[in-house]
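Structure first, then comments.
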Amino acid sequence: WVAASFTKQQFPLVRLSSDSAAPRTPHFDVIVIGGGHAGTEAATAAARCGSRTLLLTHRVDTIGQMSCNPSFGGIGKGHLMREVDALDGLCSRICDQSGVHYKVLNRRKGPAVWGLRAQIDRKLYKQNMQKEILNTPLLTVQEGAVEDLILTEPEPEHTGKCRVSGVVLVDGSTVYAESVILTTGTFLRGMIVIGLEMHPAGRLGDQPSIGLAQTLEKLGFVVGRLKTGTPPRIAKDSINFSILNKQTPDNPSVPFSFTNETVWIKPEDQLPCYLTHTNPRVDEIVLKNLHLNSHVKETTRGPRYCPSIESKVLRFPNRLHQVWLEPEGMDSDLIYPQGLSMTLPTELQEKMITCIRGLEKAKVIQPGYGVQYDYLDPRQITPSLETHLVQRLFFAGQINGTTGYEEAAAQGVIAGINASLRVSRKPPFVVSRTEGYIGVLIDDLTTLGTSEPYRMFTSRVEFRLSLRPDNADIRLTLRGYKDAGCVSQRRYERACWMKSSLEEGISVLKSIEFSSSKWKNLIPEVSISTSRSLPVRALDVLKYEEVDMDSLAKAVPEPLKKYTKCRELAERLKIEATYESVLFHQLQEIKGVQQDEALQLPKDIDYLTIRDVSLSHEVREKLHFSRPQTIGAASRIPGVTPAAIINLLRFVKTTQ
Ligand code: FAD
C-alpha cells in the first residue's frame, strides 16, 4: 500500500550542488516532506490542484498521528477547521468520521465566536486519514527520511539566492520536483525530555530530523528553539469516574464539515468526559522536585496557552487547576488527562497523579514527556508560505513556530495550493486578514514572527463578526475553486447555491414589513419595541432571541416556508439577521484595510540600500528581514513607524 519506493541504485546521491548532470527521474511537481497535520493537507491540496505529488514521510503508519491531545477544534481553532474544510481540506471530514464527543464551546456568546470542538478516536482518525491519503488521485506516498535538499540556480525573475529542485533521502537516493514543502513538525533536532533524561527523538518512538536541520542552517535560515509537552496516559479502568463531574456531549452534534449534516457516531453513542482538579499536594510534588526536571529549568519558550502543570504551579501558586479526563477512543483503554502535561521523572508522575481526586488508584501506562525542537523564524516566508531565501521551497506547520493540529492543517492547505500554483506559474493564493482566520494566522507569523508556540484565538482577529465559522464556505470555497482549483465541483456548486439562497432569503426578509402590532398578533411570544408608526421588517424580527425561521415562517408562510426546508440555510439566515447592522460598519473598515493590502511593495526592493525613500536604519533592517508584500503588511511590523509607512506609500505611488 506504499504507492512507490525508490532505491539508491536507481537514483544516486546529489547534494547541494548544480544538478545538471543528475538523472531527472523520478520527477514530481510537488514533494511534501512529513505526513503530519500540515503534510497531509499540503499533499492532498497540491494533488487536488492537479499536481503530481509525492508525500515523503518517516512511516506510513504514523500518517495522521495526533501527537498530543485526542481532540480537534475549540475557540479559534474550530474556525480554522471550517476554513480548511471550505478549501476542501481533509481534517474536518476525517474528524466527522472519527469524533466520539462533540461540544460547541462559547455557546453563551454570539455564533461568531462559537468554538466547534470534538474528542476524536485516535485510531479511527489515523485509519480514515490513511485511507483518504492512499486513495487520493495524483498522490504517491513513500516512506523515507529526507536528509538534504537539492538546489539549483535561481530563476532570474524571482528573488532568492537559489532554487530547490529535489530532495536527498537518508539512503542517498534522490527525488526531483518543481516545488518542495517542509512540514517536519517537532522533528528538527528534536530532543525528548523526561526528568533529567534527554534523548534525540521527534516525538516518543520517532527518530529526529538532524540532517535537514543542518541543511537549513547552512542555507542561512534563522533558526530558533521551542518546547512543548504532553501528559501521561492513564488506564481507564483505574479511574473512579463515579465521584467526578460528568460532561455529556451536545445533542445534536454540530459537524465540522460543510459537507456533513450529521456525524458518524451518533450523540447517544458518544462518550462522556469527566472533570477533576489539582490540589496543594500536586503543587508540593512539583516544587520539591524541580531539581529533577530539566525541561522546566530550560529557558526555551513553551506553549503559553497549553502550559505544563509545572509551569502552572510556578506561575499561579496555590490555585486548583482543572484536569479534564478525555477518552482516547471508542475501544481505547486509555484516558488523556488534559491539563497535566508534565516532564517529572517517570516514577514521580504516578505519585503526583494519584494525589488527584478520582485518580487515587490511577495507573500510568505511558509517561508524560517534553520535546524541544528547532523552528524557523516565520518572517522568512511570504504569505504564500514560500521562503524568501530559497525559491519554490515552502514551510508549513509547527516548523513555522505554531502549535496545534488546526494551525498546522491551515498552513498545510495554503502551502499545498501555492506549491502547485508555482509549478503552473499562476499567481499565489493568499488569504488576507479580512477574509479568514487563516489569513490572520499567516499574516501574524510572516509580519510579527513568534518567540513562543503560536496558537489561534478569536481575539487575534479584528473582523471576527464577519469571519464566522458558519460562513467560511462563502468566504473561501468560491475563491478556492476559481483562484486555486483545489475545490471539487460538487462543493463549489453547493457553496454557490448557499450564497444565492442566503442573498435571496435576506432580501425577502427585508421586503416583508408589518406594523409592530401586526407582528405582535403573528408572533405573540416576542414583544417588539419600536415606534408604533414605523413598519418593522421580518429581518429585524428575526434578530430577537426567541424568534427563528420556523416561527417566522409559521407567521408568514408565504414566501418564508421554503427557507425552512434546509436546516442549515434557516440557521444561517438567523445568524445573518443577528449581525446585519454591525456588519454594515465592519464592511466599511474591511474596505479600508483591503485598500492598503492592494498597495503592493516591489518584490525586488533592497531596503538596506535604496535611497529614494527615507527610512531609519532600524526600519530598513526590519523590512529587509520580513520582506512585507503590501503596505498593509508593512504597517503591522512592530517598529515600522507611521512616518516610515507614509514614506513607503509615497514611494509605491511614484513607482506604480
Ligand atoms: P507533525 O504532526 O509533528 O508531523 C511531522 C511529520 O513529519 C511526521 O510525520 C514526521 O514523521 C515527518 N518528518 C519529520 N522529519 C522528516 C524527515 N526528515 N523526512 C521525512 N519525514 C519527516 N499541540 C497543541 O496544540 N497542544 C499541545 O499541548 C501539544 N503538545 C504536544 C506535545 C508533543 C510531545 C508533541 C510532539 C506535539 C504537541 N503538540 C501540541 C503539537 C501538535 O502535535 C503539532 O502542532 C502538530 O502535530 C503539528 O503538525 P505538523 O504537521 O507541523 O507536524
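The values are calculated or read from the model by the stated rules, or taken from the named source; none is laboratory data. Keep in mind that what you see is a predicted model, and the values were worked out from it rather than measured. In this analysis, Cβ positions are derived from the backbone assuming ideal geometry, glycine residues included, and neighbour counts consider all displayed protein chains.
Brief remarks follow.
- Single residue of segment 352-386 satisfying the filter (more than 25 Å from G64 (Cα to Cα) and touching a Leu at 6+ places or on another chain (Cβ under 6 Å)) that is farthest from the ligand (Cβ to nearest atom): G358
- Residue match in segment 419-434 (condition: assigned to a helix (DSSP H, G or I) and within 16 Å of the ligand (Cβ to nearest atom)): yes
- In segment 378-395, the residues that are in contact with a strand residue (DSSP E or B) (Cβ under 6 Å, 6 or more places away or on another chain) and part of a loop (DSSP other than H, G, I, E, B): L385, R392
- Screening segment 554-588 for residues that are within 26 Å of the chain's Cα centre (by Cα) and more than 30 Å from T262 (Cα to Cα) and picking the one that is surrounded by the fewest Cβ atoms within 10 Å (Cβ to Cβ) gives L587.
- Where a residue in segment 431-443 is polar (S, T, N, Q) and its partner, wherever it lies, is assigned to a helix (DSSP H, G or I) and buried (at least 24 other Cβ atoms within 10 Å of the Cβ), with Cβ under 6 Å and at least six apart: S432/G439
- When restricted to residues that are under 30 Å from V113 (Cα atoms) and of a type in the set (S, T, Y), segment 43-79 contains 3.
- For the residues S635, S551, the requirement of being crowded, with 16+ Cβ neighbours inside 10 Å, in contact with an Asp or Glu (Cβ under 8 Å, 6 or more places away or on another chain), more than 26 Å from Q391 (Cα to Cα) and not β-branched (V, I, T) singles out S551.
- Scanning segment 243-254 finds one or more residues that are within 26 Å of the chain's Cα centre (by Cα), of a type in the set (S, T, Y) and surrounded by 15 or more Cβ atoms within 10 Å (Cβ to Cβ).
- Every condition in (1) more than 11 Å from the ligand (Cβ to nearest atom); (2) crowded, with 24+ Cβ neighbours inside 10 Å; (3) not basic (K, R) holds for D29 except the one numbered (2).
- Each residue in segment 155-169 was checked for being over 17 Å from D29 (Cα atoms) and either in contact with a Gly (Cβ under 9 Å, 6 or more places away or on another chain) or near the ligand (Cβ under 10 Å from one of its atoms) (or both), and 2 of them qualify.
- 2 or more residues farther than 16 Å from L573 by Cβ and modelled with pLDDT of 85 or more: qualifying helices (runs of 4 or more DSSP H) within segment 488-549: 489-511, 516-522
- Scan segment 42-53 for residues that are within 22 Å of the chain's Cα centre (by Cα) and either near the ligand (Cβ under 8 Å from one of its atoms) or farther than 14 Å from A409 by Cα (or both) and the total you get is 4.
- Scanning segment 606-641 for residues that are out of contact with any Leu (no Cβ under 8 Å at 6 or more places or on another chain) and part of a loop (DSSP other than H, G, I, E, B) yields a count of 11.
- Inclusion of P231 among residues that are farther than 15 Å from S67 by Cβ and of a type outside the set (D, E, K, R) is not warranted.
- Candidate set from segment 365-378 (those that are of a type in the set (S, T, Y) and under 21 Å from the mean Cα position of the chain (by Cα)); member that is farthest from P307 (Cα to Cα): Y375
- Taking each residue of segment 451-462 that is more than 15 Å from A112 (Cβ to Cβ) and looking for partners that are β-branched (V, I, T) with beta-carbon atoms closer than 9 Å, six or more apart or interchain, yields E452/T403; P453/T228; P453/T402; P453/T403; Y454/T402; Y454/T403; R455/T402; R455/T403.
- All of (1) within 13 Å of the ligand (Cβ to nearest atom); (2) farther than 13 Å from V146 by Cβ hold for Q207 with one exception: (2).
- Segment 222-231 - residue that is surrounded by 23 or more Cβ atoms within 10 Å (Cβ to Cβ) and in contact with an Asp or Glu (Cβ under 8 Å, 6 or more places away or on another chain) and, of those, nearest to L344 (Cα to Cα): K227
- Condition met for T152 (of a type in the set (S, T, N, Q) and crowded, with 20+ Cβ neighbours inside 10 Å): no
- Qualifying positions in segment 220-236 - more than 14 Å from the ligand (Cβ to nearest atom) and among the charged types (D, E, K, R): R225, K236
- Hits in segment 194-204 (condition: of a type outside the set (A, V, I, L, M, F, W, C) and within 8 Å of the ligand (Cβ to nearest atom)): G202, R203
- Residues of segment 445-461 that are within 16 Å of the ligand (Cβ to nearest atom), part of a helix (DSSP H, G or I) and surrounded by fewer than 20 Cβ atoms within 10 Å (Cβ to Cβ): R460 alone.
- Restricting attention to segment 170-193 and to residues that are of a type outside the set (S, T, Y) and more than 28 Å from the chain's Cα centre (by Cα), the residue that is nearest to the ligand (Cβ to nearest atom) turns out to be V170.
- Spans of helices (runs of 4 or more DSSP H) in segment 282-364 with at least 2 residues surrounded by fewer than 22 Cβ atoms within 10 Å (Cβ to Cβ), over 25 Å from the mean Cα position of the chain (by Cα) and not charged (D, E, K, R): 346-353
- Being in a strand (DSSP E or B) and either within 11 Å of the ligand (Cβ to nearest atom) or more than 22 Å from G224 (Cα to Cα) (or both) holds for only one residue in L149, L124, and it is L149.
- Of all the residues in segment 246-281, those that are part of a loop (DSSP other than H, G, I, E, B) and of a type in the set (D, E, K, R) number 3.
- Within segment 613-633, being touching a residue at least 40 places away in the same chain (Cβ under 8 Å) and among the charged types (D, E, K, R) holds for one residue alone: R627.
- Pick from segment 589-621, criterion polar (S, T, N, Q) and more than 28 Å from the chain's Cα centre (by Cα), ranking: modelled with the lowest pLDDT: S614
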